[in-house]
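Notes to accompany the following structure.
Nothing in this text is a laboratory measurement; each read-out follows from the coordinates by a stated rule. No experiment lies behind these values; they were computed from the predicted model shown. Backbone-built Cβ (ideal geometry, glycine too); neighbour counts: all protein chains shown.
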Amino acid sequence: MRAWYCTREDVMSAPDFKESARNSRQIDRAIASATAAVADMCHREFSPGLATRYFSWPNLTYARPWRLWLDEFELLQVTSITTGGVLLDQSEYFLEPVNDPPFDRVEINLGSQASFTASTTFQRSIAITGLWGYSDNQESVASLVSPVTSTSTSIDVDNSENIGVGDTLVVNQERMTVTGKAARNSGQTLLISVASNIAANTLSVADGEEFHQDEILLVDGERMLVLDIAGNTLVVKRSWDGSPLAAHANGAAIYVVGWTLNVTRGAQGTTAQSHDLPTVIQRWCPPDQVHTCTIAIAVDTVLQEISGYSRTIGPGPAKSSGGGNKNTNLATGGALQAVKDSCYNAVGRKGRKYAV
């Protein structure tokens with residue numbers, strides 16, 4: 001499955017959608033569609049994945065016999081290249097262009113004795129195993145707090161502020177897709193009672209350093225968004241995600257949503273492995289323009305579905321000079337088109353002409 005270019009939380013926070021199982025499914029579907037739309041628009045796959053791809057011998061009518069164009073595929077790292085069943089040494093080929101990935105072609109080092117060769121026929125005679133995609137930019141977002149077996153379907157982390165549903169996490173050599181966020185007991189409790197009042201927006205805790213901004217707390221049945229942390233006082237937004245506002249007694253347990261992550265193991269061509277402590281978790285980061293454009297398309301899709309694809313932006317001109325009923329202006333999507341144009345201009349793959 002293609003990795004998403006944004007998360008459920010990204011889309012929900014843009015127009016402030018409330019959390020529910022129904023709209024989560026709708027948003028997830030919109031993100032999957034938006035991700036595909038951005039990939040198609042830019043003519044490239046942005047998310048990295050391990051795979052083996054096969055190519056025919058580059059005969060003279062297509063290219064020089066020492067140059068293999070990868071066409072729609074882009075290469076980030078090579079594990080192995082075999083040609084005619086023979087494994088090439090790393091010194092026998094170059095990945096081009098020379099400066100930075102992604103690479104769009106492989107060239108034989110003409111200073112070596114190697115060559116692209118056919119096996120029984122020239123068809124599928126070259127096999128390249130490696131990491132394919134546009135970029136593999138990563139950032140550290142959390143650490144494991146308990147070991148993970150190769151069969152585990154959830155992981156416990158120490159920080160959830162920068163992790164969302166749909167994110168691709170990299171743990172050692174394994175990639176995982178976040179499919180859900182569950183609450184885990186923080187081990188701390190409220191030190192003072194909290195009134196059922198939206199203005200009662202501070203929580204006193206034993207150790208504020210254990211929490212992070214933008215994390216969602218669960219106290220009894222109410223969710224709260226952490227806005228700021230001042231020492232051992234958490235400043236929160238009450239009744240988050242449409243949860244009911246309620247009073248909470250001194251000593252109520254504090255859970256953190258996202259400290260347990262439901263994951264799909266062995267994603268993007270990797271293999272599920274066991275992971276010990278300490279292990280830092282990396283998150284794959286799509287290009288900024290791709291991330292923004294995917295959010296924009298997904299939000300527009302959800303809003304259009306809600307309105308039956310007849311969304312308006314206010315009253316239009318009167319039907320006649322004498323007044324009367326007014327027309328409505330349909331939302332034309334000019335701003336969305338500007339985001340798409342910016343994305344394509346920045347990272348879209350432009351055409352390349354072949355010499356014949």
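Pulled fully out, how much extra length does the chain show between Arg25 and Val280, if you take 0.36 nm times their separation in residues and subtract their Cα-Cα distance?
Result for the pair: 88.8 nm of gain on full extension.
If you stretched the chain out fully between Ser33 and Leu191, how much longer would it get, using 0.36 nm times the residue separation minus the C-alpha to C-alpha distance?
Taking Ser33 through Leu191 to full extension adds about 52.3 nm, to one decimal.
Given [x] 52, 47, 42; [y] 78, 73, 30; [z] 58, 45, 41 as candidate values of Cα extents along the principal axes in Å, which corresponds to the one derived from the coordinates?
Here Cα extents along the principal axes in Å agrees with entry [y].
Show me, for region 150-162, the HN-Hα J-couplings you get by feeding each phi into the Karplus relation (A = 6.51, B = -1.76, C = 1.60, θ = phi - 60°), rounded to Hz, glycine and proline as x.
Coupling constants for region 150-162: 6, 10, 5, 10, 8, 10, 9, 10, 9, 7, 10, 5, 10 Hz.
Along the positive direction of the dipole of the chain (beta-carbon charges: Lys, Arg +1; Asp, Glu -1; about the Cα centre), which of Cys293, Gln273, Thr82 reaches farthest?
So the residue we want is Cys293.
Taking every eigenvalue of the Cα gyration tensor of region 149-282, multiplying by 5 and rooting it, what semi-axes result, largest first, whole Å?
Computed over region 149-282, the values are 32, 14, 12 Å.
How large is ³J(HN,Hα) for each residue in region 122-127, as worked out from phi by the Karplus curve 6.51 cos²θ - 1.76 cosθ + 1.60 (θ = phi - 60°), to whole Hz, x for Gly and Pro?
Ordered by residue, 3J(HN,Hα) equals 7, 6, 6, 7, 10, 10 Hz.
Between Ser154 and Gln123, what is the spin-label point distance in nm, taking each point 7 Å from the Cα along the Cα→C-beta axis?
Using points 7 Å along Cα→Cβ, the separation is 5.0 nm.
In the neighborhood of Tyr255, defined by Cβ-to-Cβ distances under 10 Å, what is the net charge if each Lys or Arg adds +1 and each Asp or Glu adds -1?
Within the 10 Å Cβ shell, the charges total +1.
What net charge do the residues around Glu107 carry, taking every other residue with its C-beta under 10 Å from that of Glu107, with Lys and Arg at +1 and Asp and Glu at -1?
+2
Equivalent ellipsoid semi-axes for region 170-215, as square roots of 5 times the alpha carbon gyration tensor eigenvalues: give them largest first, rounded to whole Å.
31, 14, 10
Based solely on its DSSP helices, what 222 nm [θ] is calculated for the chain when runs of n ≥ 4 H residues each add -39,500 (n - 2.57) and the sum is averaged over all residues, nearest 500 deg cm²/dmol?
Calculated at 222 nm, the ellipticity per residue is -5500 deg cm²/dmol.
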